[in-house]
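Q: First the structure, then my questions, so here it is.
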Number of protein chains: 2
Amino acid sequence: MESSTHPKSTDHRFNDAERNALYQTIFSRRDVRGQFLSEPIPEDVLSRILMAAHYAPSVGFMQPWSFVIVRAEDTKRKVHKLFEKAHSEAAGMFDGESRETYRNLKLEGILESPINICITCDRDRAGPVVIGRTHIKSMDVYSSVCAVQNLWLAARAEGLGLGWVSILDQKCLKQVLEIPKRVIPVAYLCLGYVSHFFDKPELQSAGWRPRLPLADLVNFEKFDKGANDPFATSLLQRVREDQNKIEDRGLCENFAAAGKDASSG
Amino acid sequence: MESSTHPKSTDHRFNDAERNALYQTIFSRRDVRGQFLSEPIPEDVLSRILMAAHYAPSVGFMQPWSFVIVRAEDTKRKVHKLFEKAHSEAAGMFDGESRETYRNLKLEGILESPINICITCDRDRAGPVVIGRTHIKSMDVYSSVCAVQNLWLAARAEGLGLGWVSILDQKCLKQVLEIPKRVIPVAYLCLGYVSHFFDKPELQSAGWRPRLPLADLVNFEKFDKGANDPFATSLLQRVREDQNKIEDRGLCENFAAAGKDASSG
């Protein structure tokens, strides 16, 4: 434990290069569906990204996650069949032009990626009463999602592409992976080295949906209540400028030092 | 877009220092309930961590999140009252000794932290049919959780403590923040600079629950099926070694270079 009689805001801040590394990881992370290479993932890399997941926050320190690592062609084929069925059902839910666009989107890399990982949530991991889950029952599932996001960021930093396949019937997936009743398969992930990462999310480039202006999503004191004082107005102005930097200049190499207080080192 | 005729696994990997920065952020992130300083958070820092959240993955590029920034004493007091009510109800759910331990835990920093942020999920943000949400309805909420985790990591790197308060009645919270029916308040967060970060999670140090051995949570092909081949056995051995490093040596400064292939620069 660190301590100081006169703590300052910069005491626990990572330096510019370190913060930039985190922001670059976050901004360049992609949901990868194609581009997978068959090259195997070394065990030390796999261990590190699993560790990143395991050090996610969890409600009541429950650590409700487990990891099912899928490498066998047979298992992958069974899961891929589930995807094909669900994907076909999903296409029927879109209208007209959207349906054709949807059909042509590449939405998974189950067979091409060398490793698939299913991250689960065991709702009974810590008994029936869990600190912090008493009033929001899904907090345990949220914990497993935090583990997914940690693993995703670590994978990106290790140069691994990751794609989250959610077009699957969960009941059928549980059968294939023999997941017991009390456990939820939260995420089915495809993982592998890639030929390239795209600059922007594929659905953004395809014109399916634009990146929303963050300043439109930030409110003050109440939902739907915009800036109503100098701090709020100034914050939203800064948010607009920061987002322009990322969207216009690509990955904005010195993002963490872009602010006024860029003096830490 | 990057491309190469002979892609290699190390092509897209961040260098050792950059990967270490990410792992250090992940391993030193804490759920902060006390230790908050009243010092204000500069707008450029706040803008960056909101940006980290906004660049989270989202199902169908839905970006379902909004952010309600709470600074007013009056709003904080109302939310704090909700916490006190829920906390008292929760205490009644624990038995005997656990109940006393629970009562004595510090579980929120709503009033002490300069800024609270509620991160929400607007289920109607992208119309009724969303790519990837057709078979798992909660994928949109999971997207907002990914935004929470991105913001949490960025906050840690910026030297800010963050605590997730889940002991709240969501319906009452929606009333206080005037959140419409279609929108879920996914996370209520307390944010501020801190006097110190703890080395380990508080519930771990308090003996409430131990950190689980990750190797026990990793399975192959099926849930509950352990290592059954040399790769799996070797991976689990590596996982045990890596976890020992983190738990024994604290934050393990050179974690990313611990592997065999630590030659990237």
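Q: Rounded, prolate or oblate, given the Cα gyration tensor of chain B, with a/c below 1.5 counting as rounded?
A: Because a/c hits 1.5 or more and a/b exceeds b/c, chain B counts as prolate.
Q: Grab the DSSP H runs of chain A that are 4 residues or longer, score each as -39,500 (n - 2.57), total them, divide by all residues and round the 222 nm result to the nearest 500 deg cm²/dmol.
A: Counting only the DSSP helices, I get -12000 deg cm²/dmol.
Q: Could you give, in nm with one decimal, how far A:P210 is from each other copy of that position, shortest first, with labels 7 Å out from Cα toward Cβ?
A: The projected label point of A:P210 is separated from its counterparts by 5.5 nm.
Q: Let me ask something else about it. Between copies, how far apart are the A:E73 label points? List them in nm, one decimal, shortest first, with each point 7 Å from Cα toward Cβ, please?
A: Between copies, matching label points for A:E73 lie 7.1 nm apart.
Q: Specify the angular offset, from 0 to 90 degrees and rounded to the nearest 10, of the alpha carbon long axis of helix A:16-28 from the longest principal axis of the alpha carbons in chain A.
A: The answer is roughly 40 degrees.
Q: Which residues, if any, in the stretch A:12-27 lose at least 20 square angstrom of accessible heavy-atom surface (probe 1.4 Å) when the other protein chains sit next to their chain rather than the chain being alone?
A: Buried by 20 Å² or more upon assembly, which counts only protein chains, are A:H12, A:R13, A:F14, A:E18, A:R19, A:A21, A:L22, A:Y23, A:T25, A:I26, A:F27.
Q: Between rounded, prolate and oblate, where does the protein assembly as shown land on the alpha carbon gyration tensor, with a ≥ b ≥ c its root eigenvalues, rounded for a/c under 1.5, else prolate if a/b exceeds b/c?
A: Taking the square roots of the gyration eigenvalues as a ≥ b ≥ c, the protein assembly as shown is rounded.
Q: I want to make sure I understand the PRE zone here: with the label point 7 angstrom from the Cα of B:K81 toward its beta carbon, which residues in the stretch B:106-137 have backbone N atoms less than 20 Å away?
A: Within reach of a label on B:K81: B:108-113, B:116-118.
Q: Let me ask something else. Let me have the relative contact order for chain A, percent, based on Cα pairs under 8 Å that are six or more residues apart.
A: Taking the mean separation of contacting Cα pairs over the length of chain A, I get 30 percent.
Q: If you take the square roots of the eigenvalues of the alpha-carbon gyration tensor of the stretch B:35-179 and sort them as a ≥ b ≥ c, do you get rounded (a/c under 1.5), prolate (a/b over b/c) or oblate?
A: Because a/c hits 1.5 or more and a/b fails to exceed b/c, the stretch B:35-179 counts as oblate.
Q: Between the helical axis of B:43-54 and the dominant principal axis of chain B, each derived from Cα atoms, what acute angle in degrees is found, rounded to the nearest 10?
A: Orientation of helix B:43-54: about 70 degrees from the principal axis.
Q: If the cut-off is a Cα-Cα distance under 13 Å, which aspartates and glutamates reach B:K78, setting aside same-chain residues fewer than 8 apart in sequence?
A: Straight-distance partners of B:K78: A:E221, B:D169, B:E178.
Q: Find the centroid of the Cα atoms in the stretch A:152-207 and in the stretch A:14-56, then give the distance between the two in whole Å.
A: 13
Q: Here's another thing I want to ask about it. Report the A-B buried area as the accessible area lost on both sides summed, probe 1.4 Å, in Å² to the nearest 100.
A: It comes to approximately 12600 Å² buried between A and B.
Q: Next question. Tell me, what % of the accessible area of the stretch B:166-249 is carbon and sulfur with a 1.4 angstrom probe?
A: 50
Q: Here's a follow-up. Pairing the Cα long axis of helix B:73-91 with the longest principal axis of chain B, what angle in degrees results, from 0 to 90 and rounded to the nearest 10?
A: That works out to roughly 70 degrees.
Q: Got the B:T10 label distances to the other copies yet, label 7 Å along Cα→Cβ, in nm, shortest first?
A: Ordered by distance, the counterparts are at 3.5 nm.
Q: Go ahead and set up a Gaussian network model of chain B, Cα springs under 10 Å, then flag whichever of B:S195, B:S143, B:S234 fluctuates most.
A: B:S234
Q: Also, quick follow-up: Cross-link partners among lysines for A:K8, C-alpha distance below 21 Å, same-chain residues fewer than 8 apart left out?
A: A:K260
The values are calculated or read from the model by the stated rules, or taken from the named source; none is laboratory data. Remember, predicted model here, so these are calculated numbers, not experimental data. Positions of Cβ are backbone-derived with ideal geometry, glycine not excepted, and every protein chain shown enters the neighbour counts. For the accessible areas, the whole protein counts, side chains as well, though only heavy atoms, and no ligand, DNA or RNA atoms are used. Shrake-Rupley method; radii C 1.70, N 1.55, O 1.52, S 1.80 Å.
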